[in-house]
Amino acid sequence: MKKLIDNLVLLFIFTGFWLILNESLALSQILVGLFFSSVALFFTNRYLLENDYQSAYVVKSEVLFRYAIYLFFQIYRSGFFAILKILKCEDTVKIIEYETCIHSDLGICLLANAITLTPGTVTLGKNGRQLKILAFADEKSFTDIAEGKICSPYEMILRSLDR
Amino acid sequence: MIDLLAYLLVTIALIFMALGVIGLFRFKDFYSRILISAKIETVGFLTIMIGLIILSGFSYAAMKIMLITLLVMITNPLSTHAIARSAFLSGYTINQDTRL
């Protein structure tokens, strides 16, 4: 039952995308959208993923919302710090080995994505729970393994993806 | 008034991008340059898109811009990550002058 509800939610989201792209709310477009959404969902579940869509990409909407809001403010905050660095010409960088508190693969990928989206940090590599991060010298959010372990605010949000 | 806010945001985005380009020229090292180019991509792009959404008002065009923004925000880090990772794996080292 839960799987059916999850599939229906995805169908509605995909159909919404279809309607926006076609700029129409006509019944024919809704039906065509539902058809193509079902085909896309079936194809993805059947041929592209090892597990089905729900088990691979299950993210609570509340977590996604908090993640997006935090990321949005973090992008601008880091953006302004990056401008100061350009003006002062402070280009010292370091590579950090960082072990994340998150265990789920999707959570780690979202964290790596957020790190690269935040100006001043880029994820260089992922090996299990260990991330290699390129950062400006005074980066404080992600501390090296050698300096002790503190969960970053991103991880506090994404930890709820661990099941 | 709303249009003015939109134009202001687009102008701010262009300033962000211009500063990013200046950073690319001022920084000497590949790794510090890629950190700055990621800033141009993210902050500049996001701000310009917010400006365009406000300018479009509540319309299909605005929703399309939101979709594009969402897709780019998901895929944008991949290119930066791929370039930085390939450089790192190729043995490209941090310039001694800019190493911490």
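Candidates are the residues of the stretch A:5-40 that are outside any helix (DSSP H, G or I) and of a type in the set (A, V, I, L, M, F, W, C); the one that is farthest from B:LYS64 (Cα to Cα) is A:ALA26. Just so you know, in the stretch A:107-120 the residues that are within 13 Å of another protein chain (Cβ to nearest Cβ) and of a type in the set (A, V, I, L, M) include one that is nearest to B:PHE45 (Cα to Cα), and it is A:LEU117.
Would you confirm, using the coordinates I've provided, whether B:TYR31 is hydroxyl-bearing (Ser, Thr, Tyr) and loosely packed, with under 14 Cβ neighbours inside 10 Å? In short, no.
For the stretch B:79-89, name all the residues that are under 21 Å from A:ILE75 (Cα atoms) and at the interface with chain A (Cβ under 8 Å from one of its Cβ atoms). Scanning the stretch B:79-89 gives B:THR80, B:HIS81, B:ALA84.
The criterion of being within 30 Å of A:LEU124 (Cα to Cα), within 14 Å of another protein chain (Cβ to nearest Cβ) and in contact (Cβ under 8 Å) with a residue 24 or more places away in the chain does not hold for A:GLU99. For the stretch B:4-26, the tally of residues that are among the hydrophobic types (A, V, I, L, M, F, W, C), touching a residue at least 24 places away in the same chain (Cβ under 8 Å) and either at the interface with chain A (Cβ under 10 Å from one of its Cβ atoms) or closer than 18 Å to B:ILE83 by Cβ (or both) stands at 1. Of the residues making up the stretch A:85-97, those that are more than 17 Å from B:GLU41 (Cα to Cα) and surrounded by fewer than 23 Cβ atoms within 10 Å (Cβ to Cβ) are A:LEU87, A:LYS88, A:CYS89, A:GLU90, A:ASP91, A:THR92, A:LYS94, A:ILE95, A:ILE96, A:GLU97. Might you let me know whether the stretch A:4-22 holds any residue that is exposed (fewer than 15 other Cβ atoms within 10 Å of the Cβ) and under 30 Å from B:MET17 (Cβ atoms)? There is at least one residue in the stretch A:4-22 that is exposed (fewer than 15 other Cβ atoms within 10 Å of the Cβ) and under 30 Å from B:MET17 (Cβ atoms). Each residue in the stretch A:113-143 was checked for being within 17 Å of A:GLU155 (Cα to Cα) and touching a residue at least 40 places away in the same chain (Cβ under 8 Å), and 7 pass.
The condition of being more than 14 Å from chain B (Cβ to nearest Cβ) and at pLDDT 85 or above holds for only one of A:LEU19, A:LEU34, A:LEU49, A:LEU71, that being A:LEU34.
Of the helices (runs of 4 or more DSSP H) entirely within the stretch B:1-82, those holding at least 2 residues that are farther than 27 Å from A:LEU110 by Cα and of a type in the set (D, E, K, R) occupy B:2-26.
Residues of the stretch B:38-70 that are within 16 Å of the chain's Cα centre (by Cα), surrounded by fewer than 17 Cβ atoms within 10 Å (Cβ to Cβ) and more than 10 Å from chain A (Cβ to nearest Cβ): B:ILE68 alone.
Being at pLDDT 85 or above and more than 7 Å from chain B (Cβ to nearest Cβ) is the filter here, so list the residues in the stretch A:122-134 that pass it. A:LYS126, A:ASN127, A:GLN130, A:LEU131, A:LYS132, A:ILE133, listed by residue number.
The values are calculated or read from the model by the stated rules, or taken from the named source; none is laboratory data. Just so you know, these numbers come straight off a predicted model, no measurement behind them. Every residue, glycine as well, gets a Cβ built from its backbone with ideal geometry; the counts of neighbours run over all protein chains shown.
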